[in-house]
Amino acid sequence: MTAIRTLLIANRGEIACRILRTARRMGLRTVAVYSDADTNALHIAMADSAVRIGPAPVGESYLKGEAIIAAAKAASADSIHPGYGFLSENPDFAEAVIAAGLTWVGPPPAAIRAMGLKDAAKRLMEKAGVPVVPGYHGDGQALVLLAGKAREIGYPVLIKARAGGGGKGMRRVEHPDDFAEALAGARREAKSAFGDDRVLVEKYVVSPRHIEVQVFGDAHGNVVHLFERDCSAQRRHQKVIEEAPAPGMSRAVRAAMTSAAVKAAQAIGYQGAGTIEFIADGSGPLDPARFWFMEMNTRLQVEHPVTEMVTGVDLVEWQLRVAAGEKLPLAQDDIRLDGHAFEARLYAEDASRGFLPATGALHHLALPSAAHLRIETGVRPGDTVTPFYDPMIAKIVAHGPDRTTALTRLAEALEETQVAGCTVNAGFLAALARDADFAAGRVDTGLIARKQAALTTIPEPAEAQIASAALAASGLYAGGGGDPWDALAGYAHFGAMARRVEIKRGGDSIVASVRIAGAGEAEVAVGGATFSLPLESRGPISPLAGEMSPKATEGVGAPRASHPPLPCRASPPQGGRMANRHPPSAPPASSPCSCAATPSRLRSPIRWSATRTRGLRPAA
């Protein structure tokens, strides 16, 4: 049995912030790591101390296992949580952490290794009696062998890299004449991404649905599932919107799928959080005999919040307790489904230009806030989206008593999202959430590709929107910033002075006339219409990141400035179940905006107390 008192989070961004929230609530001391690109990152402000691990490139920082272990020792950490991505599924790193005398908050290295290669994992699952997609998972890699297997399987087939994930090294092949070229392309991409060009060949499932089951095991032989998530809304094999539970899921299919998932975890002696991913035939209603094992992710998933929202379980807390040697907090019969939840991934990317990644400063960032929403983010207004890391800005999660309500809430939240300074995919996500087929649950992995043109068309802005933009660009404020001249904005001897404002949209110029109409109001004339709009207040800069004071990050284990405890609207979870369903979410934020928007404090929908204990110990 091991006590966890000081946790180092070997990650960055929103997942580091999310882990920090739970660790802090559990009374653990926390240590962040950062690269030169993350010197002022939010996760550093949230941690008790922070350690620099290298330059911006991941290969020189977040992928340097020896630097992370050295940071843990220097900061007197006794455990490491890898988050997801980076080194989270690297069995060599897990073994190095354990060899260094630290607690690894993750599955046993042997389990990671067993599921690390798709071909070996599928052979193992076949032996365990878990249904596997028909295909060739052998060691032979000759073109003539693979092409022959493809003919036996029957076209269309899917060539897949045996290592890695994220759709890299994957090609769909419709005809035998195209197989050789597709194989060469898949191998090149797999070699570049994973250093391994070996592939497997599978039957391509027409109208596939991607459904995964959250599993959890402990060191005492217990394995449970926490129901399923549907991740079929994908773009180029990358998940876009996830939900729990899966639409159209019958009791019979759920029983078969969750039973197979638990069996898969038991086959490798799994401990901690894991996800069993299945491909299901979506050409008709889900069928207990028409789903197959794809792979297992031996870590926490990006989309884990939807499972937390519908079960009331804090999965990170469970990870920490299991790593400390405790039994699972709940038995299978005690885990219940409550309503429906969706998660949308807000990215810095231009959906109208082939989802081209974007970079830039977040001059204005206003994320929605409501009791039924959970916002996970690792950035604040004023932060910069760099080319070094994944350009995720936030995960917007909505819960409701049923699927329709939850989806409506998600769409409304996306439409309320405001970002200036960097192109984001909020409009695309909102369009997908409003799509008739998606709303009806008629979704498979090809839905976005079929409707991409409609989903990414940028609508013409309304004149009211243009007027608001013109007012923001005018530089007129209602005062409040301490400058007495602000009170005279737009003043003239014989009436309010009109100000000509030119704004650009794409290659077009739009001219508007802006003048002060009265106390705190402005009139904006554009396109023959006149709008009366309130002037925004330009107040003083207020603290960022939920009242968390900035701290020095020079050197190793720099101390963090003291911070007030987070206010709490619900009692702390007992036994790993969240008292008010929602686990720790993104911190509130406030910011002065360079585009003249009102600085607004975005209250975290869920507040947790900062109850402290002397460390996390196993139950007696």
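The values are calculated or read from the model by the stated rules, or taken from the named source; none is laboratory data. Given the structure is predicted, the values throughout are model-derived calculations rather than measurements. Cβ sites come from the backbone with ideal geometry, for glycine too, and all protein chains shown count toward neighbours. In case anyone asks, the SASA skips ligands and DNA or RNA and just uses the protein heavy atoms, side chains included. Shrake-Rupley method; radii C 1.70, N 1.55, O 1.52, S 1.80 Å.
Listed values, structure above:
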| read-out | value |
| --- | --- |
| Those residues of the stretch 13-25 which are in contact with a Gly (Cβ under 9 Å, 6 or more places away or on another chain) and either of a type in the set (Lys, Arg) or not in a helix (DSSP H, G or I) (or both), in sequence order | 18 |
| All positions within the stretch 65-88 that are within 10 Å of residue 33 (Cβ to Cβ) and of a type outside the set (Gly, Ala, Ser) | 68, 80 |
| Criterion violated by residue 440 - all others in (1) out of contact with any helix residue (DSSP H, G or I) (no Cβ under 9 Å at 6 or more places or on another chain); (2) at pLDDT 95 or above; (3) open to solvent by less than 40 Å² (accessible area, probe 1.4 Å) satisfied | (3) |
| Subset of the stretch 57-74 (residues that are assigned to a helix (DSSP H, G or I), over 19 Å from residue 47 (Cβ atoms) and of a type in the set (A, V, I, L, M, F, W, C)) | 58 |
| Qualifying positions in the stretch 1-39 - in contact with a strand residue (DSSP E or B) (Cβ under 9 Å, 6 or more places away or on another chain) and either at pLDDT below 95 or of a type in the set (Lys, Arg) (or both) | 2, 3, 5, 12, 18, 24, 29 |
| Near pairs, Cβ below 8 angstrom, 6+ apart or cross-chain, from the stretch 1-24 (within 15 Å of residue 45 (Cα to Cα)) to any residue that is surrounded by fewer than 24 Cβ atoms within 10 Å (Cβ to Cβ) and among the charged types (D, E, K, R) | 13/390 |
| Qualifying strands (runs of 3 or more DSSP E) (wholly inside the stretch 208-262; at least 1 residues being over 22 Å from residue 312 (Cα atoms) and of a type in the set (A, V, I, L, M)) | 223-235, 238-244 |
| Number of positions in the stretch 100-141 that are within 18 Å of residue 202 (Cα to Cα), β-branched (Val, Ile, Thr) and assigned to a helix (DSSP H, G or I) | 0 |
| Of all residues in the stretch 239-296 being among the polar types (S, T, N, Q) and touching a strand residue (DSSP E or B) at 6+ places or on another chain (Cβ under 8 Å), the one that is nearest to residue 111 (Cα to Cα) | 271 |
| Residue among 380, 409 that alone is in contact (Cβ under 8 Å) with a residue 12 or more places away in the chain, of a type outside the set (Ser, Thr, Tyr) and closer than 13 Å to residue 243 by Cβ | 409 |
| Qualifying residue in the stretch 462-480 (condition: farther than 23 Å from residue 503 by Cβ and not polar (S, T, N, Q)) | yes |
| Lone unmet requirement of (1) open to solvent by less than 10 Å² (accessible area, probe 1.4 Å); (2) part of a helix (DSSP H, G or I); (3) over 28 Å from residue 94 (Cβ atoms) for residue 188 | (1) |
| Residue among 105, 33, 97 that alone is more than 21 Å from the chain's Cα centre (by Cα), crowded, with 23+ Cβ neighbours inside 10 Å and β-branched (Val, Ile, Thr) | 97 |
| Any hit, the stretch 493-508, residues being among the basic types (Lys, Arg), modelled with pLDDT under 60 and surrounded by 18 or more Cβ atoms within 10 Å (Cβ to Cβ) | no |
| Pairs where the first residue, in the stretch 308-327, is farther than 18 Å from residue 102 by Cβ and the second is small (Gly, Ala, Ser) and not in a loop (DSSP other than H, G, I, E, B), C-beta under 8 Å, 6+ apart | 309/244; 309/341; 310/244; 310/341; 315/273; 318/273 |
| Answer from 113, 172, 151 - the residue that is open to solvent by 40 Å² or more (accessible area, probe 1.4 Å) and closer than 21 Å to residue 195 by Cβ | 113 |
| Condition met for residue 309 (assigned to a helix (DSSP H, G or I), in contact with a strand residue (DSSP E or B) (Cβ under 7 Å, 6 or more places away or on another chain) and under 20 Å from residue 329 (Cβ atoms)) | yes |
| Some residue of the stretch 364-380 being touching a Lys or Arg at 6+ places or on another chain (Cβ under 9 Å), aliphatic (A, V, I, L, M), at pLDDT below 95 and under 26 Å from residue 23 (Cβ atoms) | yes |
| Criterion violated by residue 127 - all others in (1) at pLDDT 95 or above; (2) closer than 30 Å to residue 330 by Cβ; (3) open to solvent by 60 Å² or more (accessible area, probe 1.4 Å) satisfied | (1) |
| Search result, residues across the stretch 352-379 that are outside any loop (DSSP other than H, G, I, E, B), over 18 Å from the mean Cα position of the chain (by Cα) and closer than 25 Å to residue 398 by Cβ | 352, 364 |
| Qualifying residue in the stretch 98-105 (condition: in contact (Cβ under 8 Å) with a residue 24 or more places away in the chain, out of contact with any helix residue (DSSP H, G or I) (no Cβ under 6 Å at 6 or more places or on another chain) and of a type in the set (Gly, Ala, Ser)) | no |
| Residues (among the hydrophobic types (A, V, I, L, M, F, W, C), open to solvent by less than 10 Å² (accessible area, probe 1.4 Å) and under 18 Å from the mean Cα position of the chain (by Cα)) located in the stretch 239-275 | 241, 244, 273 |
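Every residue, every condition in (1) without any contact (Cβ under 8 Å) to a residue 60 or more places away in the chain; (2) within 28 Å of the chain's Cα centre (by Cα); (3) closer than 30 Å to residue 399 by Cα, yes or no:
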residue: 126; (1), (2), (3): yes, no, no
residue: 134; (1), (2), (3): no, no, no
residue: 142; (1), (2), (3): yes, no, no
residue: 172; (1), (2), (3): yes, yes, no
residue: 178; (1), (2), (3): yes, no, no
residue: 193; (1), (2), (3): yes, yes, no
residue: 207; (1), (2), (3): no, yes, yes
